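Take a look at the structure set out below.
Values in this text are rule-based calculations from the coordinates and carry no lab data. Only a predicted model underlies this, so the values are computations on that prediction, with no experimental measurement involved. Glycine also receives a Cβ, built like all others from the backbone with ideal geometry; neighbour counts cover every protein chain displayed.
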Amino acid sequence: MEVAARWFVYSDPLKIATNLRPYDTVGVPMLSLGGELQPLRWTGVPVLADVGITGAYTFAPSLTSSVTEGRDIQTSWDRGDVGLRVPIRLGRGARAPVVAPRVGYGWLDFSFQETGPLAAEIPTAGYRLVRVGLDGRIRLAGPIALVAAFEYLEPLSGGAVYERFRDATIGGIDVDLGVAFAFAKGAELSLSFGYTRFFSTFVPVPGDAYVAGGALDQFGGVKLGIDYAP
Amino acid sequence: MPRNPRALRRALAAALFPLALTLLAAGCPGRLENPDRFLDGGGFTCPDVVTELFPKSCGGSICHEGAEPAAGLDLIAPGVVSRLVDKMGRDCPGILVDPVDPESSLLYEKLLPLPSCGSPMPIGKPTLTPDELACVRDWISAQTPTGGGDEP
């Protein structure tokens, strides 16, 4: 489970513009389910045996947004990814640090059930991403390990908010940092902080309906989970 | 915890490397250059329709460019004007570019929010602004009629 937040702001919005609404929400409860398969485990070949196919899905079961006028808008937020990771042990023994390059495809949808004129002003996003990065783990003391991950996100598309602007280019990063506590054989309790940042640049020209230099769309969350490996 | 301090340092470096990379790679959003040009009186200059507007708004391999352009209409390759002026549309009825009646031209009509045939253009790219639409209308109007269509 996760308690998450989103902050969306435009950079250099035209001061007279009335159609560039920032958005933020904090303390959103989210549920998450993920897993990893190691289909080559049977080979017993070092590195190859640990190659994993990963997948995760996270969603907010109940979320509403409100505008200045006080009206509530039903909001949906979910994200997911599938990928491949290759854990590499940096040393011998079970305590050796592990680093895992990973690559995958992900999505993040944040949309509002709004069809009126407001729909053209609020930041509906639908990111489709290629994810490339690393994750790592170091045993700290006893059953406690430090876990970290970094991914560069290459959005293939960003959704409605970016289609309003001329020549939008988007980039992104995703970072996770936390600790894991092994409390039983094959079972861990993990606590981590995740941060995702999409940064974009627009190239408006005079006469455009939407004018801003770019946008910053940030997502953060504190995650508490249980991992089990049979 | 590793007892060898050097091993510990290496292990920490391996773990913190992604974080350092994050700090280096964290991007910032774009800035708006010369915001005053967007305010009233900032002025607007029409882009060149053939060499600027078409490539920006209509180009792309799945759009009006390449060997098999959408609707059989290539708006990028040389000879655009001869493929448009007084020529009939393939998938929608009407003259693509009619200098005599610019606002009835299929090219212009497809750029409006509610065209009489098919989807409004461009798909997947920013809608043309009123100023840009006016530029297209004026460009159509400036073409020289050929005096005939596709039909013999």
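Determine, yes or no, whether residue A:180 is out of contact with any helix residue (DSSP H, G or I) (no Cβ under 6 Å at 6 or more places or on another chain), within 11 Å of chain B (Cβ to nearest Cβ), in a strand (DSSP E or B) and in contact (Cβ under 8 Å) with a residue 40 or more places away in the chain. No: the conditions fail for residue A:180.
Considering only segment B:107-117, I want to know if a residue exists there that is buried (at least 17 other Cβ atoms within 10 Å of the Cβ) and over 26 Å from residue A:205 (Cα atoms).
Checked segment B:107-117: no residue is buried (at least 17 other Cβ atoms within 10 Å of the Cβ) and over 26 Å from residue A:205 (Cα atoms).
Against the test of being among the hydroxyl-bearing types (Ser, Thr, Tyr), touching a Pro at 6+ places or on another chain (Cβ under 7 Å) and not in a loop (DSSP other than H, G, I, E, B), the options A:127, A:162 yield a single qualifying residue, A:127. Just one of the listed residues (A:56, A:96, A:4) is in contact (Cβ under 8 Å) with a residue 60 or more places away in the chain, of a type in the set (A, V, I, L, M, F, W, C) and surrounded by 15 or more Cβ atoms within 10 Å (Cβ to Cβ), namely A:4. Taking first residues from segment B:122-141 that are more than 10 Å from chain A (Cβ to nearest Cβ) and partners that are among the hydroxyl-bearing types (Ser, Thr, Tyr), the Cβ contacts under 8 Å between residues at least 6 apart in sequence or on separate chains come to B:122/B:57; B:136/B:108; B:137/B:108; B:140/B:105; B:140/B:108.
Can you name the residue in segment B:53-106 that is basic (Lys, Arg) and outside any loop (DSSP other than H, G, I, E, B) and is also surrounded by the fewest Cβ atoms within 10 Å (Cβ to Cβ) among such residues?
B:83
Counting the residues of segment A:71-123 that are of a type in the set (Ser, Thr, Tyr) and more than 17 Å from the chain's Cα centre (by Cα) gives 2. Taken over segment A:54-97, the criterion of being of a type in the set (A, V, I, L, M), in a loop (DSSP other than H, G, I, E, B) and either in contact with a helix residue (DSSP H, G or I) (Cβ under 7 Å, 6 or more places away or on another chain) or over 19 Å from residue A:222 (Cβ atoms) (or both) is satisfied by A:67, A:86, A:90, A:94, A:96. Scanning segment A:183-230 for residues that are polar (S, T, N, Q), closer than 19 Å to residue A:22 by Cα and over 15 Å from the mean Cα position of the chain (by Cα), we see that the one that is farthest from the other protein chains (Cβ to nearest Cβ) is A:200. Among the residues of segment A:120-151, those that are more than 9 Å from every other protein chain (Cβ to nearest Cβ) and of a type outside the set (A, V, I, L, M) comprise A:121, A:123, A:124, A:126, A:127, A:128, A:131, A:143.
Given the criteria more than 27 Å from residue A:97 (Cβ to Cβ), facing chain B (nearest Cβ under 8 Å) and either under 18 Å from the mean Cα position of the chain (by Cα) or of a type in the set (Gly, Ala, Ser) (or both), does residue A:159 qualify? Here the answer is no, as residue A:159 does not meet what is asked. If you filter segment A:19-45 down to residues that are in a loop (DSSP other than H, G, I, E, B) and in contact (Cβ under 8 Å) with a residue 12 or more places away in the chain, you find that the one that is surrounded by the most Cβ atoms within 10 Å (Cβ to Cβ) is A:20.
The residues of segment B:65-82 that are within 17 Å of residue B:143 (Cα to Cα) and out of contact with any strand residue (DSSP E or B) (no Cβ under 9 Å at 6 or more places or on another chain), listed by number, are B:75, B:78, B:79, B:80, B:82.
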